[in-house]
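Asker: Sending over a structure as structure tokens; questions will come in a sec.
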Amino acid sequence: MEIDFIYILSQVFTILMYALLAWTYFLKDKRKIVIVSALSLVANIIAYVLLGAWTGLAMCIVAMLRNFYILWEEKRYGKREKLEKRDYIFLAVVYLGIILATIPTYEGFLSLLSVFATSVYTYSIWQKSTRVYKFCGIPVGILWIAYNAYVKSAFGVILEAILLIASIIGYVAEIKPAKATTRS
């Protein structure tokens, strides 16, 4: 790994991406989570282009399309508490997109870590529950730490570890009031 201007620039965009993504674990509104997550993906796409991390880049593009659909769907149909048939179709289409985007960018088993992370994150954001989103942030964080180590993104590893801590704190904060209510 050569530390040159391109690498440093990739790490600047990595820092921006993680700052935005960490913010999502403290938001309570799903729409705001999706919007801030989309902004973080733009920074992540730029970082992965600079690093030459093509499978990660492909997963970011799929995730961006997924997030735009979620925003459009919520605007068109409003917030819903229950999943409907179109939600399951959407999930299947996104997973198909993940598979199709992986085929031309596959760089070995370790490149699949980004695929697994994107798949779990897609499931978490597809849910109507922010609690599920925050819980799934834990395995997603572990997978992204491993992928960032694979693509040699130093700040990706460091900041993903911090984000993993933020997701754990966000999840604990989410379940703590629920546990207090059930004890009363």
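The values are calculated or read from the model by the stated rules, or taken from the named source; none is laboratory data. Worth saying up front: this structure is predicted, and the values here are computed from it rather than measured. Cβ sites come from the backbone with ideal geometry, for glycine too, and all protein chains shown count toward neighbours. Just so you know, the surface numbers come from the protein's heavy atoms only, side chains and all, with ligands and any DNA or RNA stripped out. Shrake-Rupley method; radii C 1.70, N 1.55, O 1.52, S 1.80 Å.
Asker: Looking only at region 103-148, which residues are farther than 17 Å from S167 by Cα, β-branched (V, I, T) and crowded, with 20+ Cβ neighbours inside 10 Å?
Answerer: Once the filter is applied, which keeps residues that are farther than 17 Å from S167 by Cα, β-branched (V, I, T) and crowded, with 20+ Cβ neighbours inside 10 Å, region 103-148 yields only V115.
Asker: So, one more: Which is over 22 Å from G56 (Cα atoms) and touching a Lys or Arg at 6+ places or on another chain (Cβ under 9 Å), of K128, K176?
Answerer: Numbers: K176 fails: touching a Lys or Arg at 6+ places or on another chain (Cβ under 9 Å).
Result: K128 is the single residue among K128, K176 that is over 22 Å from G56 (Cα atoms) and touching a Lys or Arg at 6+ places or on another chain (Cβ under 9 Å).
Asker: In this structure, is K32 within 17 Å of the chain's Cα centre (by Cα), under 29 Å from I175 (Cβ atoms) and basic (K, R)? Before you say what the answer is, go through the steps one by one.
Answerer: On the way: within 17 Å of the chain's Cα centre (by Cα): yes; under 29 Å from I175 (Cβ atoms): yes; basic (K, R): yes.
Yes.
Asker: Identify the residue in region 102-123 that is assigned to a helix (DSSP H, G or I) and over 19 Å from N44 (Cα atoms) and, among all such residues, is modelled with the lowest pLDDT.
Answerer: Taking region 102-123 first, the residues assigned to a helix (DSSP H, G or I) are 102-105, 109-123.
In the following step, the residues that additionally are over 19 Å from N44 (Cα atoms) were identified as 103-104, 109, 123.
On the way: I103: 95, P104: 95, F109: 94, Y123: 91.
Filtering region 102-123 for residues that are assigned to a helix (DSSP H, G or I) and over 19 Å from N44 (Cα atoms), the one modelled with the lowest pLDDT comes out as Y123.
Asker: How about region 67-117: which of its residues are within 15 Å of A53 (Cα to Cα) and either charged (D, E, K, R) or in contact with a strand residue (DSSP E or B) (Cβ under 6 Å, 6 or more places away or on another chain) (or both)?
Answerer: Across region 67-117, the qualifying residue is only E107.
Asker: If I go through region 35-65 residue by residue, how many of them are among the aromatic types (F, W, Y) and in contact with a Gly (Cβ under 6 Å, 6 or more places away or on another chain)?
Answerer: Within region 35-65, residues that are among the aromatic types (F, W, Y) and in contact with a Gly (Cβ under 6 Å, 6 or more places away or on another chain) number 1.
Asker: Right, next: For region 1-78, please list each of the helices (runs of 4 or more DSSP H) lying entirely inside it that holds at least 2 residues being charged (D, E, K, R). Step through it out loud before you land on a result.
Answerer: Details: elements: 5-24, 30-51, 54-77.
In region 1-78, the matching helices (runs of 4 or more DSSP H) lie at 30-51, 54-77.
Asker: OK, next. Just give me the residues in region 9-29 being over 16 Å from the mean Cα position of the chain (by Cα), open to solvent by 30 Å² or more (accessible area, probe 1.4 Å) and within 14 Å of L159 (Cβ to Cβ), in sequence order.
Answerer: V12
Asker: Still on this model: Could you tell me how many of the residues in region 135-161 are in contact (Cβ under 8 Å) with a residue 60 or more places away in the chain, under 10 Å from A117 (Cα atoms) and hydrophobic (A, V, I, L, M, F, W, C)?
Answerer: Residues in region 135-161 being in contact (Cβ under 8 Å) with a residue 60 or more places away in the chain, under 10 Å from A117 (Cα atoms) and hydrophobic (A, V, I, L, M, F, W, C): 0 in total.
Asker: When you go through Y88, Y77 one by one, which is the residue that is closer than 14 Å to K30 by Cβ, open to solvent by 20 Å² or more (accessible area, probe 1.4 Å) and of a type in the set (F, W, Y)? It would help to see each step written out before you state the result.
Answerer: Working: Y88 fails: closer than 14 Å to K30 by Cβ.
Criteria check complete, one pass: Y77.
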